[in-house]
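The values are calculated or read from the model by the stated rules, or taken from the named source; none is laboratory data. Small disclaimer: the values here were computed from a predicted structure and weren't measured. We place every Cβ from the backbone using ideal geometry, glycine too, and count neighbours over all the protein chains shown.
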Amino acid sequence: MMESNRLQAQNVGILAMEIYFPSTYVSQSELETFDGIPEGKYTKGLGQTNMACVGDREDIVSMALNSVTLLMSKNNVPYTKIGRMEVGTETIIDKSKSIKTHLMSLFQEHGNTSIEGIDTFNACYGGTSALFNSVQWMESSYWDGRYALVITGDIAVYAKGPARPTGGAGVVAILVGPNAPLVMEQGLRGTHMENVYDFYKPDGKSEYPYVDGKLSIECYFRALDICYANYKAAFERKHNTPFSMDNVDYSVLHSPFGRLVQKSFGRMYFNDYVLAGGPADPNHRMKSHFQEFDSIGLGKESYANPKLEQAVLKISEQDYNSKVAPASTLPKELGNCYSGSVYAGILSLLTNVEQLDNKRILIFSYGSGLAASFFSFRGNGAAQNPDFPSTTNIGKIANITQRLADRTKITPEEFTKKLQYREDNCTKSAYTPADTTDGIAAGHYYLDRVDDKLIRHYSKK
Ligand code: ACO
């Protein structure tokens, strides 16, 4: 028998976005001096400005509670209107109990316990999997007409050493719904997953990852190449026309640090050259830029190749400034918030670019280990949704420029002390956090204590 009265969601995508980030940050240039390394390494070499930091008064649950409440209150969304909620994070605090169950306390108060979805993790990719699941739920026969929420982000902390300046913190909340001002383009995805140990967290007693930095960059480039080819194939199947960077208006890439994003964006032009048969074509329009790399193509020798890096940076410089830099505000100011990084980039873009109607935004999400995808959004000026009228409105409500300016800068010594609190206390039972609550803004949640059964108690300031 044919189904009847099936709800059909059209133009599913992002209706609203929020981010919760800590009120304190450390300056990357002050960190260079403190760490006694040459001036410019973190700021120019890694391309970072500041880094968000938290002590032991905040954890992934308190930050997620804050991001949900910010999104719901600033956008006037009733808690009863959410039918799915998924959390994407790698800041795991319990091997069984999900972060999602903590967030349910906000919905229980409103009598809404009928909410599907749970946590999903793989390094920085959990939020993307959560978003894909939410969009697919809405486009399926199981959709009941309500919105979905994706909560994604992390507290990224590293042991003392070269990786420490690539930390950060932030949790993004995304409201997914139909007739959205930013629509996920149907059928356009390019995914690559493989088994590799570039970054992993096998030690339950420490928050710090084991990381092979150079390998992680090589893996990022390889995943980018394969996902790009897969996305291109999907695009060409769907539209029956060749795909290249000419079809992209803006691009947002997972941002461990800004310089990697700039190099990776440039690498997409080298991909266009290679995938279009440039090495064998003497008349290819990018021949003069890339011919000296014809013999290496996208192979292993292309990953840590300073000459190729210079060539891709040069060819993409202008486009980087107009198509990618507007997405770099939060990633450069907060640092890497892992699962939330690419979504912090999207929110930055919505803040900095007024008009996205009919523009294609190409997204690259990468999580070590590894899982990666290219996918895309299209600005939908025709959404005419009175509650969520435009992408510009999303940026205005989130108001990140002012909120970043309102933060408090702390010294590298204070930053190191905050990390030490986390290191000392992250697995303790029956303890009250050592850090003060001074940096917690009124109305925000924080970790009050952990009791002798390791139950975590939160308070609202
Ligand atoms: N002025 C300007 N630039 C400088 C200076 C200086 N004084 N000194 C160094 N640099 C440049 C270097 O040339 C290099 O740039 P290049 O790669 O374009 O040549 C850059 O600064 C970094 O210097 P390195 O010596 O390569 O840095 P190091 O090995 O100390 O660490 C790394 C960098 C590997 C990124 C480390 O911070 C790390 O392991 N981070 C965590 C892993 C990571 O983020 N991986 C990315 C994908 S996975 C994920 O998202 C977690």
Margin query: Please determine whether any residue of the stretch 400-420 is under 24 Å from the mean Cα position of the chain (by Cα), assigned to a loop (DSSP other than H, G, I, E, B) and among the hydroxyl-bearing types (Ser, Thr, Tyr).
Written below: no
Next item on the list: Tally the residues that are touching a Lys or Arg at 6+ places or on another chain (Cβ under 8 Å) and under 12 Å from PHE270 (Cβ atoms), restricting the search to the stretch 281-291.
Entry: 1
Checklist line | Filtered residues of the stretch 302-321 (kept if out of contact with any Phe, Trp or Tyr (no Cβ under 6 Å at 6 or more places or on another chain), over 23 Å from TYR250 (Cα atoms) and modelled with pLDDT of 95 or more) | finding: SER302, ASN305, PRO306, LYS307
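Which ranges mark the helices (runs of 4 or more DSSP H) fully within the stretch 228-327 that have 3 or more residues being within 16 Å of the ligand (Cβ to nearest atom)?
On the way: elements: 258-275, 287-290, 306-319.
Helices (runs of 4 or more DSSP H) meeting the threshold: 258-275, 306-319.
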Note to self: Being in contact with a helix residue (DSSP H, G or I) (Cβ under 8 Å, 6 or more places away or on another chain) and among the charged types (D, E, K, R) is the filter here; which residues of the stretch 279-299 pass it?
What the structure shows: ASP281, LYS287, GLU292, ASP294
Check: Which of the residues that make up the stretch 266-286 are touching a residue at least 24 places away in the same chain (Cβ under 8 Å) and either hydrophobic (A, V, I, L, M, F, W, C) or farther than 21 Å from VAL252 by Cα (or both)?
Finding: MET268, PHE270, VAL274, LEU275, ALA276, MET286
Margin query: Residue under question is GLU90, and the condition is that it be within 30 Å of PHE257 (Cβ to Cβ), more than 16 Å from the ligand (Cβ to nearest atom), of a type in the set (Asp, Glu) and in contact (Cβ under 8 Å) with a residue 24 or more places away in the chain; does it hold?
Written below: no
Next item on the list: Residue by residue through the stretch 30-53, note down the ones that are of a type in the set (S, T, N, Q) and either within 10 Å of the ligand (Cβ to nearest atom) or under 24 Å from the mean Cα position of the chain (by Cα) (or both).
Entry: THR43, GLN48, THR49, ASN50
Next item on the list: Please indicate, with yes or no, whether at least one residue in the stretch 140-147 is crowded, with 21+ Cβ neighbours inside 10 Å and either more than 16 Å from the ligand (Cβ to nearest atom) or of a type in the set (D, E, K, R) (or both).
Entry: no
